[in-house]
1. Sequence-distant or interchain residues sharing an amide H contact under 5 Å with A:Leu240, placed H: which?
2. Any idea what the relative contact order of region A:349-499 is, in percent, if you count C-alpha pairs under 8 Å spaced at least 6 apart?
3. Is there a quick way to get the dipole size of chain A? I mean about its Cα centre, with the Cβ of Lys and Arg at +1 and of Asp and Glu at -1; what is the value in debye to the nearest 20?
4. Once Lys and Arg get +1 and Asp and Glu get -1 on their Cβ, which of A:Thr164, A:Pro482, A:Thr44 lies farthest toward the positive end of the dipole of chain A?
5. What is the Cα radius of gyration of chain A over 2.2 N^0.38 Å, N being its residue count?
6. If I stretch the segment between A:Glu420 and A:Ala115 completely, what's the gain in nm (0.36 nm per residue apart, minus their alpha carbon distance), one decimal?
7. Would you work out the relative contact order for region A:191-286, in percent, from Cα pairs under 8 angstrom that are 6 or more residues apart?
8. Pairs to check: A:Lys323/A:Lys463; A:Lys32/A:Lys323; A:Lys32/A:Lys316. Give those whose C-alpha atoms are more than 31 Å from each other in this structure.
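Rule-based calculations on the coordinates, nothing more; no lab input. Everything numeric here is computed off the predicted structure, so don't read it as measured data. Reconstructed Cβ throughout: ideal geometry from the backbone, glycine too, with neighbour counts over all protein chains shown.
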Amino acid sequence: MTVVTRIAPSPTGDPHVGTAYVGLFNYVLAQKAGGRFIFRLEDTDRNRYNPDSEARIVSMLRWLGLTPDEGPEMGGDRGPYRQSERLDLYRQHAEMLLASGHAYRSFETTEDLEAMAREQKWHGRPQGYDGRGRSVPREEQERRASAGEAHVIRLRTPDDGETTFKDSVRGTIRWPNSELRDTVLLKRDGYPTYHLAVVVDDHLMGVTHVIRAEEWISSTALHIHLYRAFDWDLPLFVHLPLLRNPDKSKISKRKMNTSLESYRDQGILPEALLNYLATLGWSMPDGREFFSLKELVDTFILERLSAGEPVFDIKKLRHFNAKYLREILSLDELADRVEPHFRAAGYSWDDEDYFLDIIDVLRPRTETLNDFTEQARYFFDNDFPYQEEARKRLSSAQKYLEDLERQLSMLEFYDYDSVEDLLREYVQSQAVGMGKVLQPLRAALTGRTQAPGVSDLLTILGKQRVLQRIGRALNAINAGLPDDHPQKEKETSDKGERRAGATG
RNA sequence: GGCCCCUUCGACUAGCGGUUAGGUCACCGCCCUUUCAAGGCGGCGGCACGAGUUCGAAUCUCGUAGGGGUCACCA
């Protein structure tokens with residue numbers, strides 16, 4: 001039997017990091033087994049439906065590289081893949097259950113149910129639908145339905161005994177049937193609830209492994225009764241632990257950033273996100289922490305999934321991302337990722353090596369793609385502002401800068417060793433500490449006090465830019481170092497970030 | 001509240017009867033050093049608790065506690 005898994009998000013809003021998490025393991029298992037990975041849209045809630053959402057989810061899956069084998073876009077043999085296009089199927093199946101006596105039509109109004117709930121609460125009785133509709137005779141149900149009376153179809157669940165099922169992460173789970181309610185299968189509006197739709201679709205689509213979040217455990221017994229009512233074979237249930245907020249509650253956008261798009265826009269790499277997500281609940285047998293999707297597929301086994309309750313730690317995600325930026329990606333790969341951000345920020349360059357050198361020297365200083373844009377500004381803007389701390393360094397360094405300007409103008413080739421030697425010799429001649437001279441020079445070259453090594457800066461910027469910048473700094477010193485660019489700094493900064501973010 | 005799930009350093013985890021309980025993030029210190037990083041080295045810090053089972057429990061069983069999920073005509 002070929003393994004079939006699926007990711008079944010609801011198009012209700014921003015593509016969620018939990019979708020990526022669950023999608024990852026569904027994708028990986030299907031790949032591992034040479035099976036199929038289905039994308040199905042669970043759009044049965046007309047109130048929460050968001051028309052943009054589907055395309056955005058698809059786009060995020062593509063960004064992550066979790067490409068489905070079947071889905072609304074690419075089609076497949078078991079479609080349609082939007083539940084809203086399968087309404088007839090659900091109605092037919094609900095009727096099958098009606099016919100076999102496993103379900104009944106239920107006519108309570110919202111008010112009736114609210115009154116019931118109030119009463120239950122008042123008496124401290126168990127919450128939920130009490131099955132009162134069961135007692136309405138079958139003929140009466142049909143008569144009222146034919147007369148057009150609004151109603152739902154509910155599953156008739158057992159009142160006692162227990163339902164056991166195997167969860168591949170936790171082992172056997174026993175569920176008292178007394179906890180089961182006669183859950184709505186088909187809503188008043190003719191749309192199915194999740195419970196009916198998921199069971200019908202998973203069966204019809206041949207899903208063999210239901211890999212979903214832990215929050216569904218409490219519905220699984222109900223689903224099993226549906227499978228039984230239809231006389232269908234059970235899939236294997238794999239309930240992944242729920243991702244958590246720092247306070248351990250279920251991950252939510254109220255408490256932290258759950259938006260995939262936002263992570264992309266911050267300059268998080270998809271492979272880093274996936275890698276990090278994989279370490280939440282799964283571990284490599286050899287303890288390796290950094291591995292590719294491919295390596296995960298090759299090594300993956302369900303048995304190594306753990307049932308813990310992992311906190312989604314953005315700091316650690318950033319660490320993973322940084323690791324990819326400076327060690328895992330090659331310089332060329334990295335440059336390909338950074339280039340669009342630079343273009344969006346309005347940076348331009350004629351010399352590809354200049355661009356690559358910048359990426360290389362900034363690499364150990366960045367955690368996200370966006371960090372490059374911010375930190376590289378002075379490489380592309382000769383008119384950069386001097387930050388407050390940098391002005392302080394410049395103010396007492398006129399002599400050094402004049403000497404250095406003279407000496408550097410006599411140096412023909414700016415290779416690393418030459419400028420390094422020149423600098424060292426000069427500093428030695430002045431009998432002062434390196435920082436005394438190099439900090440002002442760094443400030444002159446970048447407008448900042450925190451930047452790459454001065455010799456790197458000189459080498460990368462090259463003679464012309466270096467002399468121009470020292471000259472400019474000297475002018476500024478002569479002018480008393482007025483704070484002449486506060487507007488510009490802000491403006492440039494805003495512009496860069498906004499543009500870079502929008503392009504992602 | 002009922003039911004279910006979970007429980008190893010602050011966080012993510014390895015461990016599947018005998019280990020000085022290992023790794024990673026974070027944090028701290030040292031080294032490197034012209035700044036900031038990166039990197040190297042080191043440190044801090046944990047088996048929730050209580051009973052059993054066993055020659056021997058982080059590992060098995062039960063209980064307690066804590067955390068979480070769920071009890072919708074939302075998924």
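1. The answer is A:Arg212, A:Ala213, A:Glu214.
2. Working: 126 pairs, mean separation 53.3, N = 151.
After rounding, I find 35 percent.
3. Values: 69 positive and 81 negative charges, 271 e Å.
Computed about the Cα centre, the dipole is about 1300 debye.
4. My answer, from the dipole projection, is A:Thr164.
5. Numbers: Rg = 31.5 Å, N = 504, 2.2 N^0.38 = 23.4 Å.
Normalised Rg, Cα atoms only: 1.35.
6. On the way: separation 305, 0.36 × 305 = 109.80 nm, distance 8.30 nm.
Net length gain for the segment: 101.5 nm.
7. Numbers: 60 pairs, mean separation 21.2, N = 96.
Result for region A:191-286 is 22 percent.
8. Working: A:Lys323/A:Lys463 33 Å; A:Lys32/A:Lys323 26 Å; A:Lys32/A:Lys316 27 Å.
As for pairs spanning more than 31 Å Cα to Cα, those are A:Lys323/A:Lys463.
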